[in-house]
Amino acid sequence: QVQLVESGGGLVQAGGSLRLSCAASGNIFSFNTMAWYRQAPGKQRELVASITSTDSTNYADFVKGRFTISRDNTKNTIYLQMNSLKPEDTAVYYCNLVQMFNLYWGQGTQVTVSS
């Protein structure tokens, strides 16, 4: 079993920055992909960014140039550095891990950007 715990969310003014963390524990394999998704009220959950165990990254167009995903394999942790935040970035941010065709989710962390 795998557990994912997100942290780092909060309230920030537009233009500000936040750094999210997601720590994975349990039966973690060497090869996996981790990602950040977000879900705003009344909207579907959407991919923000993903990173493989070999540090290959992928970003949604709406965060390119503003957000950076990274990982520390020694800690089984991924990060999302969010800069130049906009009110439309307000959402619950979820961490996700995929390995061996299994999918795991964290409980989410709220990010609120005020205008």
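The values are calculated or read from the model by the stated rules, or taken from the named source; none is laboratory data. Note that this is a predicted model, so its numbers are computed, not measured. Glycine also receives a Cβ, built like all others from the backbone with ideal geometry; neighbour counts cover every protein chain displayed. To get the accessible areas, we keep the full protein, side chains included, count just its heavy atoms, and leave off ligands, DNA and RNA. Shrake-Rupley method; radii C 1.70, N 1.55, O 1.52, S 1.80 Å.
Distance in nm between label sites at GLN110 and SER70, each 7 Å beyond Cα in the beta-carbon direction?
It is 2.9 nm.
Return the sequence-ordered ³J(HN,Hα) values of the range 35-46 in whole Hz as given by the Karplus equation 6.51 cos²θ - 1.76 cosθ + 1.60 applied to θ = phi - 60°, using x for Gly and Pro.
8, 10, 10, 9, 9, 8, x, x, 10, 6, 5, 9
How much accessible area per residue does the range 1-70 have, counting only protein heavy atoms and a probe of 1.4 Å, in square angstrom?
Details: 3890 Å² over 70 residues.
With all protein chains present, the range 1-70 gives 56 Å² per residue.
Springs between alpha-carbon atoms under 10 Å, Gaussian network over the chain: tell me which of ALA35, ALA14, ALA91 tops the mean-square fluctuations.
Most flexible of the set in this elastic network: ALA14.
Leaving out same-chain residues fewer than 8 places away, which lysines sit with a Cα under 25 Å from that of LYS86?
List returned: LYS43, LYS64.
Would you mind calculating the gained length between ALA23 and GLN3 on full extension (0.36 nm times residue separation, minus the Cα-Cα distance), in nm to one decimal? Mind dumping the intermediate values first?
On the way: separation 20, 0.36 × 20 = 7.20 nm, distance 0.81 nm.
Full extension of this stretch gives 6.4 nm more.
Set the Förster distance to 22 Å, then compute FRET efficiency between ASP55 and SER84 from the Cβ-Cβ distance, nearest 0.05. Present the calculation step by step, with values, prior to reporting the outcome.
Values: r = 23 Å, r/R0 = 1.05.
Computed FRET efficiency for ASP55 and SER84: 0.40.
Whole Å is fine, so just give me how far the alpha carbon centre of the range 7-49 lies from that of the range 61-91.
7 Å
May I ask you to evaluate 6.51 cos²θ - 1.76 cosθ + 1.60, the Karplus curve with θ = phi - 60°, for each residue of the range 64-77 and list the ³J(HN,Hα) values in order in whole Hz, giving x for glycine and proline?
4, x, 10, 10, 9, 9, 8, 8, 10, 5, 5, 10, 6, 10
Between THR90 and residues 5 or more places away or on another chain, which pairs have amide H atoms under 5 Å apart, with H built 1.01 Å from N, and which residues are they?
VAL113
Put ILE51, ILE28 in order of accessible area, largest first, 1.4 Å probe: what do you get? Present the calculation step by step, with values, prior to reporting the outcome.
Working: ILE51 5, ILE28 35 Å².
So the residues, ranked largest to smallest area, are ILE28, ILE51.
Subtracting the Cα-Cα distance from 0.36 nm times the residue separation, let me have the gained length for GLN13 to GLN39 in nm, one decimal. Spell out each step's value before the answer.
On the way: separation 26, 0.36 × 26 = 9.36 nm, distance 1.91 nm.
Gain on stretching GLN13 to GLN39: 7.4 nm.
For the chain, with only Lys/Arg (+1) and Asp/Glu (-1) charged at the beta-carbon, what is the dipole magnitude about the Cα centre, in debye rounded to 20? Mind dumping the intermediate values first?
Values: 9 positive and 7 negative charges, 16 e Å.
Taking the Cα centre of the chain as origin, the dipole is about 80 debye.
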